[in-house]
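Asks: Sharing a structure, written as structure tokens. Questions coming.
Just so it is clear, none of the values below were taken in a lab; they were calculated from the coordinates. Everything numeric in this text was worked out from a predicted model, so none of it was measured. Glycine also receives a Cβ, built like all others from the backbone with ideal geometry; neighbour counts cover every protein chain displayed.
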Amino acid sequence: MIYYKNIVNKISIPNTKKTKQKEYLETGNLPIIDQGKVLVGGYSNDVSNMLDCKLPVIIFGDHTKCVKLINFPFGAGADGIKVLQPKEGLSASFLYYATYYLTFLIEDKGYARHYQQIEKCKVSIPLPSEQISLVNRIEELFSELDKGVETLMTIKKQLEVYRQAVLKEAFSQIENKKKIREMSCFVTSGSRGWAKYYSDQGSLFIRIGNLTHTTIDIILDETQYVKLPEKAEGIRSRLQPNDILVSITADLGSIGLVPENIEEAYINQHIAMIRLKNPSQGKLVAWYLRSEYGQKDLLKNKRGAGKFGLGLDDIRNSEVPNISEHEAVLIVKKIEMQLSVCDRISHTINTAFGQADAMRKSILKHTFEGTLSL
């Protein structure tokens, strides 16, 4: 067993060679590698920022724990990556999988740095010929898992097509509509500067990541809390049951419906809140805005070059169904009955994704504990 820090050479990156995220291009001559989950974070046309190093190298995300094997010329993102070269006698692919394996063993410190933990870990380094055999076996098993995951991803995409078809059919016959400004008490967005109120406990703070393009449920897997002083300006955006939430920057048009059992909660400035005069039709309006019809009308006035956004008047001027309570109940009931099938299948798929991740961890565990069958 040998300490990780003794099997790698750490490449120093001058600050002048780093590219900030706000400078990323969608296409360009130089791929930029950062600590994000995607392989290439963006591009630059400034080839003078290309790192001068022998390839391949391992990129370790100090904050995110993401690990990448890079075998093409690249530039470095501005923050949080370690560029590592295997020392002589060590396969870069073997080092990649060893680093990936060690990320499972270290303590997760959120957005704090993790490399100091990695370099203190010990790994067993087999002979070069055995390294190649182990890498080939890992990649063979991972390839089988990838095929299964690809099939599941295809099914997930088909489910989304079906969801949209259900919503389209549900609202296809509705002709009587009114603008949201006529149907609502008010439309507002959250206040700026909430970060200073962040806390480990307190009131729920809803952000864009809590909304989706799949459902109208608010997803609270990653919850932020805030503790507000009594006279905070943001009190006006405290949520009530059946308020409708719409993302107005970045991932435009994500929809959420505030549930009946909501505890004290607020929204940030990237989310608009619609409070209807008749809150009992919140679910109907939320599903409509989630539908192809609602999205088309909602997003027709998106503005901005490169970074789109919606104004509150864009939302107020969007049209939604103006129908009786009885009709609304029947439509929502039909939608939810049909989509419940999708939800069950989606849950099964998500479980399978988790099992695939567990299998990858198990394969690497057996590899580095010396019990993987070749």
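Asks: On alpha carbon coordinates alone, what is the Rg over Rh value for region 133-196, Rh being the Kirkwood radius?
Replies: Values: Rg = 23.7 Å, Rh = 17.5 Å.
Radius of gyration relative to Kirkwood radius: 1.35.
Asks: Just going by the charge dipole of the chain, with Lys and Arg at +1 and Asp and Glu at -1 on Cβ, which of 172, 19, 136 is farthest out on the positive end?
Replies: Sorting the options by dipole projection puts first 19.
Asks: Residue 87 to residue 201: FRET efficiency via 1/(1 + (r/R0)^6), r the Cβ-Cβ distance, R0 41 Å, to the nearest 0.05? Spell out each step's value before the answer.
Replies: Working: r = 47 Å, r/R0 = 1.14.
The calculated FRET efficiency here is 0.30.
Asks: Moving on to the next point. What is the distance, in nm, between label points placed 7 Å from the Cα along the Cα-to-Cβ direction at residue 144 and at residue 227?
Replies: With each label placed 7 Å out from Cα toward Cβ, I get 5.2 nm.
Asks: Which of 343, 221 comes first, and how do the rest follow, when ranked by fewest Cβ neighbours within 10 Å?
Replies: Details: 343 15, 221 6.
Fewest to most other Cβ atoms nearby, the residues stand as 221, 343.
Asks: Using a Gaussian network model on the chain with a 10 Å cutoff between Cα atoms, which of 47, 57, 332 fluctuates the most?
Replies: Sorting by GNM fluctuation, first place goes to 47.
Asks: Please compute the length gained on full extension between residue 71 and residue 112, using 0.36 nm multiplied by the number of residues separating them and subtracting their Cα-Cα distance.
Replies: Contour length minus the Cα-Cα distance gives 12.0 nm.
Asks: Counting other C-beta atoms within 10 Å, which of 183, 1, 337, 273 has the fewest, and how do the rest follow? Don't jump to the answer; show the numbers that get you there.
Replies: Values: 183 19, 1 7, 337 10, 273 26.
Lowest to highest Cβ neighbour count: 1, 337, 183, 273.
Asks: Calculated from the structure, semi-axes √(5λ) of the Cα gyration tensor in Å equals which of (i) 46, 25, 20; (ii) 31, 23, 19; (iii) 38, 22, 21?
Replies: (i)
Asks: So, one more: Amide H of residue 125 versus every other amide H placed in the peptide plane: which residues, excluding those fewer than 5 positions away on the same chain, fall under 5 Å?
Replies: 2
Asks: Name the residue, out of 196, 65, 18, whose mean-square fluctuation peaks in a Gaussian network model built on the chain with Cα pairs under 10 Å.
Replies: Per the Cα network of the chain with a 10 Å cutoff, 196 tops the list.
Asks: Moving on to the next point. Can you compute the modelled spin-label distance between residue 347 and residue 261, with each label point 7 Å from Cα toward Cβ, in nm?
Replies: 1.4
Asks: Once amide H atoms are built 1.01 Å from N in the peptide plane, which residues 5 or more positions from residue 29, or in another chain, come under 5 Å H to H?
Replies: HN-HN under 5 Å from residue 29: 44, 45.
Asks: Want the number for residue 324 to residue 337: 0.36 nm per residue separation, take away the alpha-carbon distance, what's left? Walk me through the numbers on the way to the answer.
Replies: Details: separation 13, 0.36 × 13 = 4.68 nm, distance 2.02 nm.
So the extension gain works out to 2.7 nm.
Asks: Right, next: Explain nothing, just compute: Karplus ³J(HN,Hα) = 6.51 cos²θ - 1.76 cosθ + 1.60, θ = phi - 60°, for every residue of region 66-74 in order, whole Hz, x for Gly and Pro.
Replies: Those phi angles translate into 6, 10, 9, 9, 10, 10, 9, x, 7 Hz.
Asks: What residue among 14, 259, 31 shows peak mean-square fluctuation when the chain is described by a Gaussian network model with Cα springs under 10 Å?
Replies: Between 14, 259, 31, it is 14 that shows the largest mean-square fluctuation.
Asks: Going by amide H atoms built from the backbone, whose H comes under 5 Å of the H on residue 189, apart from near neighbours?
Replies: 273
Asks: If you don't mind, another one. How do 121, 185 rank when sorted from fewest to most other Cβ atoms within 10 Å of their own Cβ?
Replies: Numbers: 121 17, 185 10.
So the residues, fewest neighbours to most, are 185, 121.
Asks: Something else: What FRET efficiency, computed as 1/(1 + (r/R0)^6) with R0 = 35 Å and r the Cβ-Cβ distance, is obtained for residue 182 and residue 299, rounded to the nearest 0.05?
Replies: Values: r = 20 Å, r/R0 = 0.58.
Calculated transfer efficiency: 0.95.
Asks: Simple spin-label model, 7 Å along Cα-to-Cβ: residue 369 to residue 130 in nm?
Replies: Between residue 369 and residue 130, the label points sit 1.7 nm apart.
Asks: Can you compute 3J(HN,Hα) from phi for each residue in region 284-299, using the Karplus curve 6.51 cos²θ - 1.76 cosθ + 1.60 with θ = phi - 60°, rounded to whole Hz and x for Gly and Pro?
Replies: Values, residue by residue: 4, 5, 4, 5, 5, 5, 6, 6, 4, 5, x, 5, 4, 6, 5, 9 Hz.
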